[in-house]
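Take a look at the structure below.
The values are calculated or read from the model by the stated rules, or taken from the named source; none is laboratory data. All of these numbers come straight from a predicted model, not from anything done at the bench. As a convention, Cβ positions derive from the backbone with ideal geometry for all residues, glycine included, and neighbour counts pool all protein chains shown. These area figures cover heavy atoms from the full protein model, side chains too; ligands, DNA and RNA do not enter into them. Shrake-Rupley method; radii C 1.70, N 1.55, O 1.52, S 1.80 Å.
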Number of protein chains: 2
Amino acid sequence: MVEKNIKIFKGDIVFTPTKDKFQTYKNAYIIIQDGKVKAIEKELKEEYGHLTIEDFTDKLIIPGFVDLHFHAPQFPNRGLGLDKELIPWLETYTFPEEGKYADIEYAKKVYSKVLHEVWKVGTTRIALFSSIHKDSTKILFDLFIKSGLGAYIGKVNMDRNSPEYILEDTENSIKDTIEIIDEYKNKSNLVKPIITPRFVPTCTPKLLEELGKIAEKYDLPVQSHLCENLGEVKWVGELHPNFKNYASIYEHYGLLRNGKSLMAHCIYNNEDEIALMAKNNVYAVHCPHSNYNLSSGIMPVRTFLQSGVPVGLGTDVSGGHALGIPSVIVSCIQASKIKWLENKTLPPITTPEAFYLGTKGGGSFFGKVGSFEEGYDFDALIIDDSTLCEIHKLTLEERIQKFIYIGDDRNIVRRYVQGEFVKELDF
Amino acid sequence: MVEKNIKIFKGDIVFTPTKDKFQTYKNAYIIIQDGKVKAIEKELKEEYGHLTIEDFTDKLIIPGFVDLHFHAPQFPNRGLGLDKELIPWLETYTFPEEGKYADIEYAKKVYSKVLHEVWKVGTTRIALFSSIHKDSTKILFDLFIKSGLGAYIGKVNMDRNSPEYILEDTENSIKDTIEIIDEYKNKSNLVKPIITPRFVPTCTPKLLEELGKIAEKYDLPVQSHLCENLGEVKWVGELHPNFKNYASIYEHYGLLRNGKSLMAHCIYNNEDEIALMAKNNVYAVHCPHSNYNLSSGIMPVRTFLQSGVPVGLGTDVSGGHALGIPSVIVSCIQASKIKWLENKTLPPITTPEAFYLGTKGGGSFFGKVGSFEEGYDFDALIIDDSTLCEIHKLTLEERIQKFIYIGDDRNIVRRYVQGEFVKELDF
């Protein structure tokens, strides 16, 4: 019976089908069939009358948050070592930490904690870098599969300009990558592999070429870093003087896959690189906390939006210290205001726009995710914001703003992915 | 007996006697006499052997946070209406909210909530703007006196360029100000009045002149706003073409009192204004969240520090959405990094520097406050950071960083002001 696959939730529904404004339904019903949104109704149709309703009256029902950039092994460094720029930060703090994941017991300990914390802050889909280590990466896969959350997980590839303890042999890097793909490509509907060259400076042309081939052969998505820091951009130019820019190196090796590549940061892209990303529907992943913390700069988000480049948000743990996307949404809006002061042709990002980036914008990388339009996966959070609106009677638009700006994980009372309740982890 | 006035706390002690680094004592004893720090000792002297020790082994003991700029009546607007710049923001969101405090029942409701939240986030001293309303301001005084926290509270004065419902008659503005001063100047050791002209555009020269006289007569501190927004600075220039700059208007009317004036924001001060502030030891209060949210700009904190101007931090609720000083410390560091990218002669603010600004820097406005040097008031927080450092063994410097960047009020287990335990409010 079809009805067996129907769930009905009642509450105050808020989402952003388009960037320009919140769509809101006060005291409405959202009908879920086979984990997907079927309809939103103000009055419940008779045909559903006999079904049980999950009643969240007066609570917000919003899409789960989507984090497009997170380094799982850097989790223990959160909030530490933010006194350097990108390259010395990698060398001083980040690479030594990533080296520890040769120890799978250490990986189990940290990655369990990562899962708990990601769950807690209401992230329902996430794109993760692990480390170079095959076995630790598999642990991360297994934990995410157990959790019920959605993830792309990439074993990091790096075979040059890296300290010896995390420097891969090119052949082994490829071999381990393929082993993980073979093992996990069909193991879960929600947790999938993603090709993950760390960034151009740490990957030989041979490695990039092979990774591009693998991505094509298995039709896999790709994630990496692009134009985060001026020193990095200069270095890439010195390493590859024959390429016209940084982004074109990824393109040359087949790593800017149409609608299937994530490029974190994108602060210093030139016009050609932005046009290239637009042409290939490459996602620019905005990680404002990280960009502040590592003195990288401010990504011109408005420029990317105006150019038709898909944009999502990332925490970039541990360049970013904040685990939750709401804090990144606030930081994104704040950063865009400073950008606007420099360049008045780039209007600040509005609250619904930034919310869109943190839900449907990033969610589109995972399919029909991040919205409550018909046919979208029901990835959702139930928000009890009663502690945030004790004084005034607020509109739904105001309530979602309050939650984003001043709420926290204590306001999130339930999480759902593809219509399934995701309970607190018991591992 | 002297011993009756002695309290001993044991724990991991962290503070910043100077800006350049954290001073730390692992597993040490801090001896408090009559509410003031007498000594910090690694081994407890025999003379104290018979006294009870408040044992917070493995917990951090740090100075309470000092918030130098907070608009109490704007509390209900926190997280709302951040899509405009200063002047339209005041007119659209802020003035209408402040108008409501003609109703003292409304004031009671909001100000009780303010107290709870300020307590919760670990602020132990605060400089507050109320509204123009005398009776509501008295409620704010009474609640703070009851709370055990320290505060300067100012009835706002504004007699021009304001909507009618919060426009004061000059004489009444003065009369109400004096009534409050007379009633509260000696009522509490911890909660005191402060002269509070809103800012130049809303105060007639007559009002500024009278407020300057009152400040001198009663020897009171002063708080106001300075150079927050370019439109505001331009407007002040048009209103007062005979003054050479914005700051000199306050000076002319006796409102830049030596070591006793707070000026919030200070983003667009010119060199003369900075020199004037240095000469008069006027505090520049940095409110980075607000400055981002209202698209105001970034205060060049380093310039002020280099010029010898005292600097503290402010949340600026509700231009700022965040209630806690740790979030302001992070935002201060982040903002300084963006400033540095623009101007490499202004090195970013380091974590101990920003911590200093949020404790001893701002605390100095209240006396010997914000440090644990001998003779300082024991204003302190006990921090249980065990949830933040589950993976690595961390140094005290790393632990305080983690708490600032990723902790929250759940980590604060106790608060003290002048040696007294400040319990959760029961009103």
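Points to keep in mind about this one:
- Span from the the stretch A:332-361 Cα centroid across to the the stretch B:193-245 one, whole angstrom: 34 Å
- Estimated inter-spin distance, B:Asp135 and A:Gln306, nm [label 7 Å along Cα→Cβ]: 5.3 nm
- Overall form of the stretch B:334-402 per C-alpha gyration tensor (a/c, 1.5; a/b vs b/c): oblate
- Charge dipole (debye, nearest 20) of the stretch B:98-233; +1 at Cβ of Lys and Arg, -1 at Cβ of Asp and Glu: 620 debye
- Spatially proximal aspartates and glutamates relative to A:Lys192 (Cα-Cα < 19 Å; intrachain offsets below 8 disregarded): A:Asp67, A:Asp135, A:Asp142, A:Asp176, A:Glu179, A:Asp182, A:Glu183, A:Glu216, A:Asp219, A:Asp377, A:Asp379, A:Glu420
- As an equivalent ellipsoid, the protein assembly as shown spans semi-axes of 46, 31, 28 angstrom, where each value is the square root of five times an eigenvalue of the C-alpha gyration tensor, largest first.
- For chain B, the carbon plus sulfur part of the accessible surface works out to 48%, probe radius 1.4 Å.
- Note: relative contact order over the stretch B:26-124, using C-alpha pairs below 8 Å and six or more positions apart, is 24 percent.
- Anisotropy class of the stretch B:236-394 from Cα gyration tensor, a/c 1.5 cut: prolate
- Here B:Ile391 yields copy-to-copy label distances, from shortest upward, of 3.9 nm, the label point defined as 7 Å from Cα along Cα to C-beta.
- Furthest towards positive pole of dipole, A:Leu305, A:Gly319, A:Phe365, structure part the stretch A:298-420, Cβ charges: A:Leu305
- Pairs from A:Lys146/A:Lys360; A:Lys120/B:Lys344; B:Lys138/B:Lys206; B:Lys19/B:Lys146; A:Lys84/A:Lys109; A:Lys84/A:Lys337 whose Cα-Cα separation, in the structure shown, is over 31 Å: A:Lys120/B:Lys344; B:Lys19/B:Lys146
- With R₀ set to 35 Å, the beta-carbon distance separating A:Glu374 from A:Asn270 gives a calculated FRET efficiency near 0.30.
- When the charge dipole of the stretch B:65-366 is built from unit charges on Cβ atoms (+1 for Lys and Arg, -1 for Asp and Glu) and taken about the Cα centre, the candidate among B:Asn242, B:Gly79, B:Met158 whose Cα reaches farthest toward its positive end is B:Gly79.
- The stretch between A:Ile6 and A:Thr387 holds 134.0 nm of extra length on full extension. This uses 0.36 nm per residue minus the Cα-Cα distance.
- Annotation for the stretch B:66-102 versus the stretch B:1-56: alpha-carbon center distance of 41 Å.
- Label 7 Å beyond Cα on the Cβ vector: B:Lys36 copy-to-copy distances, nm: 7.3
- Here the relative contact order of the stretch B:308-409, from alpha carbon pairs under 8 Å that lie six or more residues apart, stands at 23 percent.
- FRET efficiency, 1/(1 + (r/R0)^6) with R0 30 Å, evaluated for B:Asn258 and B:Glu342 via beta carbons: 0.40
- Loop trypsin sites (Lys or Arg not before Pro), the stretch B:379-413 (other Cβ atoms within 10 Å of the site Cβ: 14 or fewer; DSSP): B:Lys393
- The stretch A:65-366: C-alpha gyration tensor shape, a/c 1.5 cut-off, then a/b vs b/c: rounded
- For the stretch A:1-54, trypsin sites (Lys or Arg not before Pro) meeting the loop criterion (DSSP other than H, G, I, E, B) and having at most 12 other Cβ atoms within 10 Å: A:Lys42, A:Lys45.
- Threshold 40 Å², the stretch A:309-347 residues less accessible with all protein chains present than alone (1.4 Å probe): A:His321, A:Gln334, A:Lys337, A:Ile338, A:Trp340, A:Leu341
- Percentage relative contact order, chain B, counting C-alpha pairs under 8 Å, at least six apart: 21 percent
- Annotation for the stretch B:184-250: trypsin sites (Lys or Arg not before Pro) lying in DSSP loop with at most 16 further Cβ atoms inside 10 Å of their Cβ are B:Lys185, B:Lys187, B:Lys244.
- Using only side-chain charges placed at the Cβ, +1 for Lys and Arg and -1 for Asp and Glu, the dipole size of the protein assembly as shown relative to its Cα centre rounds to 40 debye.
- Accessible surface buried at the B:A interface totals approximately 3700 Å², computed with a 1.4 Å probe on protein heavy atoms.
- Net charge dipole, the stretch B:65-366: roughly 980 debye, given to the nearest 20, about the Cα centre with Cβ charges of +1 for Lys and Arg and -1 for Asp and Glu.
- Taking amide H as placed 1.01 Å from N in the peptide plane, B:Asn281 has its amide H under 5 Å from the amide H of B:Gly259, each at least 5 places away in sequence or on another chain.
- Inter-copy label distances at A:Lys187, shortest first and taken from points set 7 Å along Cα to Cβ: 6.7 nm.
- Per-residue 3J(HN,Hα) values for the stretch A:81-97, derived from phi via the Karplus relation 6.51 cos²θ - 1.76 cosθ + 1.60 with θ = phi - 60°, read x, 9, 9, 10, 7, 3, 5, x, 5, 4, 5, 7, 10, 7, 4, x, 5 Hz in sequence order (x marks Gly and Pro).
- Additional length obtainable on full extension of the chain from A:Lys423 to A:Glu397, 0.36 nm per residue less Cα span: 6.6 nm
- Extreme residue, positive dipole direction of the stretch B:283-427, given options B:Ile400, B:Asn293, B:Pro348 (C-beta unit charges): B:Pro348
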